[in-house]
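For reference, the structure is listed below as structure tokens.
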Amino acid sequence: KTVRAIAKLERKIYRREIAYWWRWYKKCRYMPSRHERKACQKALRPGHSRYRRAQWVRGFRKLKGKKRKLWKRVKQSPQWKSPAWPQLFYRMSRVGLGWKTSYRAFVEKGLRIERVYGPHMRAILRKAKLPEDLAALPFVESMFNPWVRSFVGALGLWQIMPPTGREVGLYISPQRRRTYHLPPLDEREDPLFATKAATRFIKLCRYFFRDSWPLAMTSYNQGPGRVLKVIRRTRTRKLHKMIRRASRRLFGPDGRNFYSKFVAAVLLQREATQKFSSALRPLQFKTLYLKVPIWLKDFQKRAGFSPSEMFLYNPMLRYLHKSSSNIHPIPSHFPLRVPSKKATAILK
């Protein structure tokens, strides 16, 4: 009953919001001057004080008792561990109630992986003579999920596209039936291989925009060609002026907000020890190059790995284990990472 009451209240406030918006929209159309019409349309944009008054969130501030407690629970972190959460989630989806969850849980999950691979990634960036703050870029791209795939085909921590990955020297198995003899491995899933490839692409972006790091970072996400096109259309090399002059179709929200998200991720990474607590330590491993192919299950038994520990050290092997472990062994000279303590026992 409580959930249905909240859903009913939300629909009621939504109807009021639409009526409020249309009332102002009709007034905007009949304003005498062009300047007044523009000012009126600006007032209708989301985030403006007048428009914010009609948002349905303000209606929930008047709730009392159980309804208000339930609303507070819904607005909390998605990691709320309660036995009643699945049932509550199901009921809310049944009645059509919408809400926004906190971003803190996803950041915490990304920081766990960053604590493990971050020092090694910063060492690669330092060796490539690039700023170590670039290690915060995967927060914006993938939230440090090595297996996340975008709808356009970008994969890994650094969200590298297949053509770009092949250009910078990564092995990406072709998705064709006639190439089934090749192991289905993708080096974009490996954090350290992908970091080395990302350094090469960042240097390419830096080559096009030597005088501006904001444009170089934006071109990493949008591509140097698109950013050069926006520069040509807007006739400026200043990012804030490009955002003002370019149309939404030419320069979408991802490109407009990418550099600001990157700066926020850098600040978050610097203050992570103060705002988040994590007991994970950097990985201490050795890389082995086996002379002959070996089956994944045999190597797992020989090394004494659990599946989670195996994929933590070697994320590339997850797809090999998941799809075709009985067809393709681990190829020879494949770089296998193992803990430093287990390396001598495996070599014996």
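Write down the Å³ per residue value for the convex hull defined by the alpha carbon atoms of segment 200-292. Don't jump to the answer; show the numbers that get you there.
On the way: hull volume 16.7 nm³, N = 93.
Spread over its residues, the Cα hull of segment 200-292 gives 179 Å³ apiece.
Residues with amide H under 5 Å of Phe334's amide H, sequence separation 5 or more or different chain, H placed in the peptide plane at 1.01 Å from N; which?
Leu290
Rank by packing, highest mean first: peptides 133-146, 205-218, 245-258, with packing defined as the count of other Cβ atoms within 10 Å averaged across residues. Please list the in-between numbers first.
Details: 133-146: 22.0, 205-218: 17.7, 245-258: 14.4.
Ranking, from highest mean packing down: 133-146, 205-218, 245-258.
From the phi of every residue in segment 246-252, what ³J(HN,Hα) in whole Hz does the Karplus formula 6.51 cos²θ - 1.76 cosθ + 1.60 yield, where θ is phi - 60° and glycine or proline is x?
6, 7, 5, 6, 6, 10, x
If you plug each phi of segment 255-263 into the Karplus form 6.51 cos²θ - 1.76 cosθ + 1.60 with θ = phi - 60°, what whole-Hz ³J(HN,Hα) values come out, in order, with x for Gly and Pro?
x, 5, 9, 5, 5, 5, 5, 5, 4
Skipping prolines and chain starts, which residues have an amide H placed within reach, meaning under 5 Å, of the one on Lys286, given they are 5 or more residues away or on another chain?
Val338, Ser340
Going through the cross-link list Lys238/Lys261; Lys38/Lys241; Lys261/Lys286, which pairs have a Cα-Cα distance over 23 Å in this structure?
Values: Lys238/Lys261 17 Å; Lys38/Lys241 20 Å; Lys261/Lys286 34 Å.
The answer is Lys261/Lys286.
Taking amide hydrogens as modeled 1.01 Å from N in the peptide plane, which residues meet the under 5 Å criterion relative to Ile160, leaving out close sequence neighbours?
Leu155
Every number here is computed from the coordinates shown, using simple stated rules; none is lab data. Everything numeric in this text was worked out from a predicted model, so none of it was measured. All Cβ positions, even for glycine, are placed from backbone atoms using ideal geometry, and neighbour counts span all protein chains on display.
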